[in-house]
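The values are calculated or read from the model by the stated rules, or taken from the named source; none is laboratory data. What you are looking at is a predicted structure, and each value in this text was computed from that prediction instead of being measured. Reconstructed Cβ throughout: ideal geometry from the backbone, glycine too, with neighbour counts over all protein chains shown.
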Amino acid sequence: MTRKLIEKILKLYKNFIFKQKLREMDKWWDFMGGNCFGLFPPSFYHTHTEEEIERITAETTDRLYAMIKEYTTHLT
């Protein structure tokens with residue numbers, strides 16, 4: 001019983017430390033200029049699989065290209 005409790009507390013502590021490191025990375029990413037280094041903050045790349053990253057990146061770039069196309073058509 002005590003061992004399971006200690007393991008759960010240790011797991012929660014490790015999860016807390018991991019999330020704290022992700023926040024710190026994102027803070028530095030934002031401080032250094034953010035989007036000039038990548039489309040998403042570093043925590044995104046540490047918390048998603050490669051397939052998810054590719055899919056979300058494709059969806060985001062498609063949406064951005066659509067916005068640019070809509071904007072340029074309104075200018076003409």
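Residues considered: LEU22, LEU39. Of these, the only one that is of a type outside the set (Ser, Thr, Tyr), touching a residue at least 24 places away in the same chain (Cβ under 8 Å) and surrounded by 12 or more Cβ atoms within 10 Å (Cβ to Cβ) is LEU22. Before we move on, is GLU70 modelled with pLDDT under 95 and loosely packed, with under 11 Cβ neighbours inside 10 Å? Answer is yes for this residue. Taking the condition among the charged types (D, E, K, R), under 13 Å from the mean Cα position of the chain (by Cα) and surrounded by fewer than 10 Cβ atoms within 10 Å (Cβ to Cβ), does GLU50 pass? Yes; evaluated as a whole, the condition is true for this residue.
For segment 32-67, a tally of residues being of a type in the set (Gly, Ala, Ser) and either modelled with pLDDT under 90 or closer than 17 Å to LEU22 by Cβ (or both) returns 4.
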